[in-house]
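J.: Structure below; questions to follow.
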Amino acid sequence: MKARRNKKQVPSFRKLIKTSKVKLENKLKNKQFKQQSTVKKYRKEQRKLRQAVKDAVAKKPFPLEDPKSKRRVKGMEREEEEEEENEALPLDMMDEDDIQLMKDLGQKASFLTRDLSSSEPVHIKKRKHESVIDKYEKMPRTLQTAPEKELIHLLPIKDKSGIIPQTREKPVSNIQQEEEDEEELEAEEEVIENPIQELTIEEHLIVRKKKLQEKKIQIAALASAIVSDPESNIKKLKELRSMLMEQDPDVAVTVRKLVIISLMELFKDITPSYKIRPLTEAEKSTKIRKETQKLREFEEGLVSQYKFYLENLEQIVKDWKQRKLKKSNVVSLKAYKGLAEVAVKSLCELLVALPHFNFHNNIIVLIVPLMNDGSKLVSEMCCEAVKKLFKQDKLGQASLGVIKVISGFVKGRNYEVRPEMLKTFLCLRIKEVEVKKDTEDINKPKKFMTFKEKRKTLSRMQRKWKKAEERLERELREAEASESTDRKLKLHTETLNIVFVTYFRILKKAQRSPLLPAVLEGLAKFAHLINVEFFDDLLVVLHTLIESGDLSYQESLHCVQTAFHILSGQGDVLNIDPMKFYTHLYKTLFKLHAGATNDGIEIVLHCLDVMLSKRRKQVSHQRALAFIKRLCTLALQVLPNSGIGLLATTRVLMHTFPRTDLLLDNESQGSGVFLPELEEPEYCNAQNTALWELHTLRRHYHPVVQRFAAHLLAGAPSEGSEALKSELSRRSPVELFETYSMAAMTFNPPVEPSNSKKKDKFLQGDSFLNEDLNQLIKRYCNEATTEIPLDFTKCLKTSVQ
């Protein structure tokens, strides 16, 4: 027989949509009411149980009887009851069937306890009205065989039901437990007396190497499986991360370091190029395909494991900072430093590699305080990571997050931080040229097909579709470009506001702070982006700092550079005389360090470019002559790369101010004598001197310095035998300064090796002398042998007489 088909059809999607809102609300209310009633019922039963326990405690306890005697008493009572029943019932008047029915009903407990007048079923009242106390009383009890314990009577407690007596057992000393403890102690002493034989150092190293090799193979196997198929093997990330808790003291530190680096590289490889957001309730409830479900599981597992990994790294760094050991004591305090450095390095790599992914702000919050760490290695790692992030961040979202945290940290520490933290601001990509360049990089123009190409390769219908497609692509590209540019400008504006607020706070509140050079350097770079309203006040502050005399020569040079960056940009509209800044630079040139730490030369080259070359119309002839003369004098004292930079600047000035070639002539112009010690470039009479320093520099040991000196003596021609090569003439002074740097302690360009041939045989004695000289010596020696020997007695006699 065929089974009946289920006629009840599954409701369609449309019917489910048409379900009224009221019906759904009623279902929800009914469900909530059922839950509440269940909870109420449970509370009521618990209340009854507590009340029953209180009543049982309040009653006076009776001693338990012997179960065997109790059974005998119960058996006698049952026999007496049966006899009474037999006597009470007229059995003669009942049929055998009725008697059998009465016996069957008598065996049921419900028949004896049930109210016969009730018309309800047999088991309903038992379920509803069965008391908690009855259940408790029906539980089987056993005879107390343990010895009675002494009770201590305490003060009673008064409750709603009455007074409840309180007792406590009297503690009894357990002699057997003490004996067992003594036996255990004796066994431990025996174990200590017979220790396990320890391994030698060589055997220990061999065992450690074997263990480490096994762990490396395990890490490599897990990592290879995850990289080969991340979606299927995402659960193995947890297995690999569990190895961060390695407990073997021989290999714990090394294994943990390897796992940290392996996980960092894995996350860099398998992390998608978008941020994973949590799913909504509606998305979780909808039915999806298997591929989509697999992708969701992969994303959820990746985010959770990435979060746990970052928490582990944070805990390692915190334990190192707090000098705190774990309970297991597997890793020593000395080893914690190396472990923490590896953790910080991994955080820095993730900060730079995954700025788009989840928990990037958490990494920033961890990295920024470590930029001010006492350990130089940790501080440099974090600062370099932040600089790298600033340089590669085209849009500016990640840079803004870092700048906010750094600004808050500097303010919270009352500006007592490392200057390197503020020097990272110099790597920010906030320039109009770079913004345009980045926009082109992001939206590279797509080349569309020409009409001839379309006609050759496409049909008429295809050309029509292609034309519509190209029009749509142009519109989308214009919309994206405008949106990305606007967003970028907005982010850059917000970033600059935070940077300038930090700079101005330090200028106002911490002028003697070691952060001042970094602030002045940052203002010099971003001065063209400062609002015009702040120019007057900022120039007054810079001049006050210079006149105070508290600044070093590098800090004062940064002040001069900042002032002229302001004046060369939007500051052209201001009516400000910068003569005091020219005087200060002219005076500071002879204070530069001429040794290995010639970092001030680079700042001087930047200042001269802004002050003289770019402001040629505002510079007088006398001022240009004075600066050229002082630069040539300074080139005699500094290192070769600095001398090349100064001579290259002199060449630029001679081209910018053609009449300065009179310094190459010995004849004086006008009246007066050159006063090199005067600090005013306008009144030192530089026109009455000559550049005699170039003749000295022409004999310099560095070939490039020689070339520049000869070129300037010839009048800096652009053609001819004395003209410079293109590799020297097309580079700026700053580029030449960096190209011929001697920071690596090598001669640049390298010195050519000598071509002297080594002799196979070493000459001895007379062979060192010339042949002619040997013959001459032999002749005189032979003549001395043929002569008569000298007689000194004759001389003595004549002297006596």
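J.: Which FRET efficiency value, to the nearest 0.05, do you get for Lys27 and Lys614 by plugging their Cβ-Cβ distance into 1/(1 + (r/R0)^6) with R0 = 60 Å?
T.: Numbers: r = 79 Å, r/R0 = 1.32.
The calculated FRET efficiency here is 0.15.
J.: Oh, and also: Between Arg779 and Gln637, what is 0.36 nm times their sequence separation minus the Cα-Cα distance? Round to one decimal in nm.
T.: Taking 0.36 nm per residue and subtracting the Cα distance, the gain is 45.4 nm.
J.: OK, next. Set the Förster distance to 25 Å, then compute FRET efficiency between Lys160 and Val39 from the Cβ-Cβ distance, nearest 0.05.
T.: FRET efficiency, Lys160 to Val39: 0.55.
J.: With each label point set 7 Å from Cα along the Cα-Cβ vector, what nm distance links Ser671 and Lys490?
T.: So the label points at Ser671 and Lys490 sit 6.9 nm apart.
J.: What does the accessible area of His621 come to, in Å² to the nearest 10, when a probe of 1.4 Å is used?
T.: 50 Å²
J.: So what does Phe747 come to for accessible area, using a 1.4 Å probe and Å² rounded to 10?
T.: 60 Å²
J.: Multiplying the sequence separation of Lys587 and Glu281 by 0.36 nm and subtracting their Cα-Cα distance, what value in nm do you get?
T.: Full-extension gain reported as 102.9 nm.
J.: Right, something else. Could you check the simple spin-label distance between Arg168 and Lys294, using points 7 Å along Cα→Cβ, in nm with one decimal?
T.: Reported label-point gap for Arg168 and Lys294 is 6.6 nm.
J.: I'd like the accessible area for Asp536, computed on protein heavy atoms only with a 1.4 Å probe and all protein chains in place. Round to 10 Å², please.
T.: Here the accessible area works out near 80 Å².
J.: Quick check: residue separation of Lys334 and Ala225 times 0.36 nm, minus the Cα distance between them. What number comes out in nm?
T.: Net length gain for the segment: 35.8 nm.
J.: For the pairs Lys318/Lys376; Lys209/Lys268; Lys236/Lys275; Lys268/Lys345; Lys215/Lys257; Lys525/Lys587, note any where the Cα-Cα span goes beyond 19 Å.
T.: In this structure, Lys209/Lys268; Lys236/Lys275; Lys525/Lys587 lie more than 19 Å apart at Cα.
The values are calculated or read from the model by the stated rules, or taken from the named source; none is laboratory data. Keep in mind that what you see is a predicted model, and the values were worked out from it rather than measured. Positions of Cβ are generated from backbone atoms using ideal geometry, with glycine treated the same way; all protein chains shown enter the neighbour counts. For the accessible areas, the whole protein counts, side chains as well, though only heavy atoms, and no ligand, DNA or RNA atoms are used. Shrake-Rupley method; radii C 1.70, N 1.55, O 1.52, S 1.80 Å.
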